[in-house]
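Enquirer: Handing you this structure, nothing more for now.
The values are calculated or read from the model by the stated rules, or taken from the named source; none is laboratory data. The structure presented is a predicted model; accordingly, all values stated were derived computationally and were not measured. Positions of Cβ are backbone-derived with ideal geometry, glycine not excepted, and every protein chain shown enters the neighbour counts.
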Amino acid sequence: MKPRVAFFDFAGCEGCQLQIANMEDEILKLIEIVDIVSFREISDVHSDDYDIAFVEGSISRPMDEERLKDIREHADILVALGSCACLGGINKMRNRFNEDELIESVYGDKELVSNPFFNIHRAKSVDEVVKVDYYIPGCPIDRDEFERFVISISSGKKPELPNYPVCVECKKRENPCLFDEGKLCLGPITLAGCNAICPSRGSPCIGCRGILEKPATECIKEIFQRYNIDYNELKDKWNMFNFGDKIWRKE
Amino acid sequence: MDGEICRLEKDDFLAFVDNLINGFETIGVKEKRGRFVFSHLESAAELRLDHDVTILPPKKNFLPPYEKMIKFNVGEQKGELLGDNTKRVIIGVHPYDIVALKQMDMVYMEGRPDELYKQRRENTIIIGSDILRVNDFSFASSLGTHVVEDGFDLMLTDLGKKVIIEIGSERGREILMDYARNIKEASDQDIKDVENHRKALPDRYKVKLDIEKDQIPFLLMDVFEHPLWEEESKKCLQCGSCTLVCPTCYCYDIRDEISLTLEDGERIRTWDSCLLPDFTKIASGEIFRKDKSERYRHRFYRKGLYIPMRYNFIACVGCGRCIMACIPKIADPAKVFNTLSRRKHESKGKLVYKMIEGVEADSRILPEPAVIRRIEPLTENEKLFEIELLSRDSFHFEPGQFVEVSVFGVGEAPISISSPPSGDNRFELVIRKVGNLTNRMHSMKEGEKLGIRGPLGKGFRVEDLEGKDLLFVAGGIGIVPLRSLIKHVLSKDNRPRFGKIYILYGARTPKDMLFMDEMEKWKEVDDVEIRLSVDTCPEGMKWNHSVGVVTTLFNEIEIQNPKETVSLVVGPPVMYKFVIKCLEDAGIKDTNIFVSLERRMKCGLGRCGHCQINGIYVCREGPVFRYSDIKNLPEVFQ
């Protein structure tokens, strides 16, 4: 029996689903091993009978919470897809403002209070609302990692995230360290699995897969001094995807 | 300089390199964003011989960061060993990297070689290069690795207008003669120039070791409990970079990757690092060397004590790569050894360390085909599998040895053999459902195929037990490997060779007890005393024996002749300390206690590094150990 899978999106850019829609050749193989029963980006078919729910986006409204809880009830396995779902991601950057301020700065002084679509609360990751069985982080997700995930589930293996930072993959690809170029790279503290895609192209890691472990502050200060990096830059970069400080590694 | 020495003018040298590029897959040192890497050469113009150090060592060409070992088909459970027989030339290898390669050769080629490493190594020509630019962080001269006398096919010294070439092997001579033109004999002046260059090198090193390299192992034995480990590891980001860029680190992980069709795939190996928290994690989730200060310390002990004791070389060549790669700057071996030597007195404890004799396992990478002949459910979580090897008529092993069970598409797991040696090609495994492979095993049926590597490791040496009284102590699933030995000694032919036999066996609850029916039969054998206990007996369950941890059973027996009693103990890690205390109290000598330990035996060959207890490989010097051999190892009973 092929597992029946469904995709759902909440607050996000749908870029993670797009990664899957863009799998092209592989998608034909993919549908040989799973039944896609709901995937708005590629098909208008929808069924509420599914085994695995992939949930993209962060949760930002009471009505979204209700919908998510409903999905959780239907699904045997619920997978948070992408940084918004796994961490709250970029949407969480707004959590430092209050909701009225936000509505006003985006929509001006229009009267939106009565409109339920604009009834927002602070942005949450999926696991702040329902139990998540598996995470596929990344902004956007890595197609290969998604593929590995589906293969694991379909072949009865437990999907596992790496428990080490991006540096491991970056070193294996023999990239010159961006710290040596005076750039602040979050690779040493960010969960691996992306095959160091950004540093391999000379761009510092911005932590989209989430923080693996909080680095000891004393060593961070020392490091920043040595490499001549502004400490405030860390806070900014950190907050982009990791506002709320979710840490993967619980030791 | 002992070998034959030639000279090429610069233009002729560049033509030589271009000719090599036409004849071989040619790897050379190239620039990459301000650093250097060994990479495919398109033309001689790309080659740099003025590099300080490359980001990764040339090790990557022999033990690639990601290597496909086996191509397999899931349905048929058929695998085929992959390999790489490309003829390669690597140009620009510095002396310290040549020393490191010689060390890698000892690990991967001595005894029973790693097939894949050996193939790459034998197909690769090494063209070394003298160090022209000294890396600011290198301390190669302190270790004597700034120059090297052998281990290369050719050795270049780029002196600007001319390149002096020392021939290091017959193979080297052949490619020089075949691919270079206008080869001249080096003049006395040429040789002098090279010698002067090398002589001047040590003074150019900024970093130096304050102690003789031969003293490093002794220093480390003294400073095991030094506060420095904690001080420095506090800053460790646990990124593994220090080990990943190291030319002498050789640990790897193995996993199966399957394609989206779920029909075929590859078994791959990829570099791993003992600094990463999950490095030692076993299927049940247990982690050894749990604290990051222990992992930080372990790396230095491998470099300076464990590998030197095993292979007789310091496993650091002073290249400086780890120092450059470490962002908090705590990975520097020279700094750490120098600091430890200066602050030696602060150490709160020593490490008494000696090597233990191990076995040289058959190091074939491809598992042998086997089939499940019989499956017997034992408990909720354990099943017994009778396996038949299809590739041979007989399978010889010692009780206590293990095999790597392979299911293509899922992976491999080390499993103790549970049946006594029989002489034929069948044996039994008792498998508890804990991880991916064992879960899969539990869903398999009689007649299904799988793979076996082994037997691996050191088992119980039955001849050492002859004439003795035997006291078996098993906790939980520890009865599984012991059953192999128990059944062996209780067999009609063997029974007279041993004295009295005691078997103490404890499990969590009555339903976790294994082989209860067999125990009834064992009891019937002459002079055998069996005592059983459970930690707890849930209400409603029938239990006619003791309740309590296994050590309570010691009160129920009287060990008649402790001096002549050998005890064989297998159980969960937490059990050993308490059982050993009981044994010592009973007057049993520590040389007469044998234990079997569980770690993450991934390769089973003493290479992948995961099962190490301090410097001891459980897969090679164990899993059965004489207690007196290991009792001083701090990482044994964590």
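Enquirer: Would region B:74-82 turn up any residue that is out of contact with any Asp or Glu (no Cβ under 9 Å at 6 or more places or on another chain), closer than 25 Å to residue B:362 by Cβ and of a type in the set (Lys, Arg)? Outline the logic, then answer.
Expert: First, pick out the residues of region B:74-82 that are out of contact with any Asp or Glu (no Cβ under 9 Å at 6 or more places or on another chain): B:76, B:78-80.
Subset that is closer than 25 Å to residue B:362 by Cβ: B:76, B:78-80.
From what's left, of a type in the set (Lys, Arg): B:78.
Yes, some residue in region B:74-82 is out of contact with any Asp or Glu (no Cβ under 9 Å at 6 or more places or on another chain), closer than 25 Å to residue B:362 by Cβ and of a type in the set (Lys, Arg).
Enquirer: Additional query: Any residue in region A:138-150 that is more than 30 Å from residue A:7 (Cα to Cα) and within 9 Å of chain B (Cβ to nearest Cβ)? Break it down into steps so the answer makes sense when it comes.
Expert: Within region A:138-150, the first condition is being more than 30 Å from residue A:7 (Cα to Cα), and the residues that meet it are none.
No, region A:138-150 contains no residue that is more than 30 Å from residue A:7 (Cα to Cα) and within 9 Å of chain B (Cβ to nearest Cβ).
Enquirer: List the helices (runs of 4 or more DSSP H) inside region B:211-326, counting only whole elements, that have at least 1 residues being within 14 Å of chain A (Cβ to nearest Cβ).
Expert: Numbers: elements: B:216-222, B:227-233, B:241-244, B:292-301, B:307-311, B:321-325.
So the answer is B:227-233, B:241-244, B:292-301, B:321-325.
Enquirer: Show me the strands (runs of 3 or more DSSP E) entirely contained within region A:1-89 in which 3 or more residues are surrounded by 19 or more Cβ atoms within 10 Å (Cβ to Cβ) and either within 14 Å of chain B (Cβ to nearest Cβ) or modelled with pLDDT of 95 or more (or both).
Expert: Values: elements: A:4-9, A:35-38, A:52-56, A:77-81.
Where strands (runs of 3 or more DSSP E) fall fully within region A:1-89 and carry at least 3 residues being surrounded by 19 or more Cβ atoms within 10 Å (Cβ to Cβ) and either within 14 Å of chain B (Cβ to nearest Cβ) or modelled with pLDDT of 95 or more (or both), they are A:4-9, A:52-56, A:77-81.
Enquirer: Does residue B:40 satisfy the criteria of being surrounded by fewer than 18 Cβ atoms within 10 Å (Cβ to Cβ), touching a strand residue (DSSP E or B) at 6+ places or on another chain (Cβ under 9 Å) and of a type outside the set (Gly, Ala, Ser)? Outline the logic, then answer.
Expert: Numbers: surrounded by fewer than 18 Cβ atoms within 10 Å (Cβ to Cβ): yes; touching a strand residue (DSSP E or B) at 6+ places or on another chain (Cβ under 9 Å): yes; of a type outside the set (Gly, Ala, Ser): yes.
The answer is yes for residue B:40.
Enquirer: Quick one: residue B:195 ticks every box in (1) under 28 Å from the mean Cα position of the chain (by Cα); (2) at pLDDT 95 or above bar one, so which box is it?
Expert: (1)
Enquirer: Considering each of B:389, B:366 in turn, give the residue that is buried (at least 19 other Cβ atoms within 10 Å of the Cβ) and more than 14 Å from every other protein chain (Cβ to nearest Cβ).
Expert: Details: B:366 fails: buried (at least 19 other Cβ atoms within 10 Å of the Cβ).
Checking each option against the conditions leaves just B:389.
Each row is one residue, and each column tells you yes or no for (1) farther than 25 Å from residue B:302 by Cα; (2) at pLDDT 95 or above.
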residue: B:101; (1), (2): no, yes
residue: B:110; (1), (2): no, no
residue: B:129; (1), (2): yes, yes
residue: B:135; (1), (2): no, yes
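Enquirer: Shifting gears a bit: Under 30 Å from residue B:237 (Cβ atoms) and of a type in the set (Gly, Ala, Ser): which single residue out of B:331, B:361 fits that description?
Expert: B:331
Enquirer: While we're on this one: May I ask you to list the residues in region A:221-251 that are within 14 Å of another protein chain (Cβ to nearest Cβ) and acidic (Asp, Glu)? Show your work before the answer.
Expert: Initially, region A:221-251 is screened for residues within 14 Å of another protein chain (Cβ to nearest Cβ), giving A:221-229, A:234, A:247-251.
Across region A:221-251, the qualifying residues are A:222, A:251.
Enquirer: Quick check: anything in region B:68-87 in a loop (DSSP other than H, G, I, E, B), assigned by TED's automatic domain parsing to the domain that holds residue B:198, hydrophobic (A, V, I, L, M, F, W, C) and in contact (Cβ under 8 Å) with a residue 40 or more places away in the chain? Walk me through it before giving the result.
Expert: Applying the first criterion (in a loop (DSSP other than H, G, I, E, B)) to region B:68-87 yields B:74-77, B:82-87.
With the extra rule that they be assigned by TED's automatic domain parsing to the domain that holds residue B:198, the set shrinks to B:74-77, B:82-87.
Next cut, hydrophobic (A, V, I, L, M, F, W, C) only: B:74, B:82.
In the following step, the residues that additionally are in contact (Cβ under 8 Å) with a residue 40 or more places away in the chain were identified as B:74, B:82.
Yes - at least one qualifying residue is present in region B:68-87.
Enquirer: From the list B:419, B:406, B:363, which residue is hydroxyl-bearing (Ser, Thr, Tyr), more than 26 Å from the chain's Cα centre (by Cα) and either under 22 Å from residue B:600 (Cβ atoms) or not in a strand (DSSP E or B) (or both)? Even if it seems obvious, please write down each step before you answer.
Expert: Values: B:406 fails: more than 26 Å from the chain's Cα centre (by Cα); B:363 fails: more than 26 Å from the chain's Cα centre (by Cα).
Being hydroxyl-bearing (Ser, Thr, Tyr), more than 26 Å from the chain's Cα centre (by Cα) and either under 22 Å from residue B:600 (Cβ atoms) or not in a strand (DSSP E or B) (or both) holds for just one of B:419, B:406, B:363, which is B:419.
Enquirer: For residue B:337, are the conditions met, namely being within 24 Å of residue B:619 (Cβ to Cβ), touching a residue at least 12 places away in the same chain (Cβ under 8 Å) and either hydrophobic (A, V, I, L, M, F, W, C) or more than 14 Å from every other protein chain (Cβ to nearest Cβ) (or both)? Lay out the reasoning, then the answer.
Expert: Numbers: within 24 Å of residue B:619 (Cβ to Cβ): no; touching a residue at least 12 places away in the same chain (Cβ under 8 Å): yes; either hydrophobic (A, V, I, L, M, F, W, C) or more than 14 Å from every other protein chain (Cβ to nearest Cβ) (or both): yes.
Against the criterion (within 24 Å of residue B:619 (Cβ to Cβ), touching a residue at least 12 places away in the same chain (Cβ under 8 Å) and either hydrophobic (A, V, I, L, M, F, W, C) or more than 14 Å from every other protein chain (Cβ to nearest Cβ) (or both)), residue B:337 does not qualify.
Enquirer: Still on this model: Restricting attention to region A:151-171, which residues are under 15 Å from residue B:272 (Cβ atoms), surrounded by 21 or more Cβ atoms within 10 Å (Cβ to Cβ) and at the interface with chain B (Cβ under 7 Å from one of its Cβ atoms)?
Expert: Initially, region A:151-171 is screened for residues under 15 Å from residue B:272 (Cβ atoms), giving A:160, A:162-165, A:167-169, A:171.
Now narrow it down to the ones that are surrounded by 21 or more Cβ atoms within 10 Å (Cβ to Cβ): A:164-165, A:167-169, A:171.
Within region A:151-171, A:164, A:165, A:167, A:168, A:171 qualify.
Enquirer: Which number in (1) surrounded by 24 or more Cβ atoms within 10 Å (Cβ to Cβ); (2) of a type in the set (Gly, Ala, Ser); (3) not in a loop (DSSP other than H, G, I, E, B) marks the one condition that residue B:628 misses?
Expert: Condition not satisfied by residue B:628: (1).
Enquirer: Quick one: which of A:218, A:213 is surrounded by fewer than 17 Cβ atoms within 10 Å (Cβ to Cβ), within 14 Å of chain B (Cβ to nearest Cβ) and acidic (Asp, Glu)? It would help to see each step written out before you state the result.
Expert: On the way: A:213 fails: surrounded by fewer than 17 Cβ atoms within 10 Å (Cβ to Cβ).
Exactly one residue qualifies, and that residue is A:218.
Enquirer: Mind listing whichever residues of region A:172-187 are surrounded by 24 or more Cβ atoms within 10 Å (Cβ to Cβ) and assigned to a helix (DSSP H, G or I)?
Expert: A:187
Enquirer: Answer yes if at least one residue in region B:367-381 is among the small types (Gly, Ala, Ser) and part of a helix (DSSP H, G or I), and no otherwise.
Expert: Looking only at region B:367-381, we keep the residues that are among the small types (Gly, Ala, Ser), and these are B:370.
Now drop any that are not part of a helix (DSSP H, G or I), which leaves none.
Scanning region B:367-381, I find no residue that is among the small types (Gly, Ala, Ser) and part of a helix (DSSP H, G or I), so the answer is no.
Enquirer: Please return the ranges of strands (runs of 3 or more DSSP E) entirely within region B:1-54 where 1 or more residues are within 34 Å of the chain's Cα centre (by Cα).
Expert: Numbers: elements: B:5-9, B:25-32, B:35-40.
So the answer is B:25-32, B:35-40.
Enquirer: Of these, B:243, B:248, B:261, which one is farther than 14 Å from residue B:343 by Cα, in contact with a helix residue (DSSP H, G or I) (Cβ under 8 Å, 6 or more places away or on another chain) and without any contact (Cβ under 8 Å) to a residue 40 or more places away in the chain? Walk me through how you get there before you give the answer.
Expert: Details: B:243 fails: without any contact (Cβ under 8 Å) to a residue 40 or more places away in the chain; B:248 fails: without any contact (Cβ under 8 Å) to a residue 40 or more places away in the chain.
Matching residue, one of B:243, B:248, B:261: B:261.
Enquirer: Something else about it: Exactly one of these conditions fails for residue B:104: (1) closer than 19 Å to residue B:59 by Cα; (2) not in a helix (DSSP H, G or I). Give me its number.
Expert: Here residue B:104 meets the rest and fails (2).
Enquirer: A further question on this structure: Across region B:404-436, what is the number of residues that are farther than 14 Å from residue B:477 by Cα, in contact (Cβ under 8 Å) with a residue 60 or more places away in the chain and β-branched (Val, Ile, Thr)?
Expert: Residues that pass the stated criteria total 2.
Enquirer: With respect to residue B:307, is the statement that it is of a type in the set (Val, Ile, Thr), surrounded by 17 or more Cβ atoms within 10 Å (Cβ to Cβ), within 27 Å of residue B:221 (Cβ to Cβ) and out of contact with any helix residue (DSSP H, G or I) (no Cβ under 7 Å at 6 or more places or on another chain) true?
Expert: Criteria met by residue B:307.
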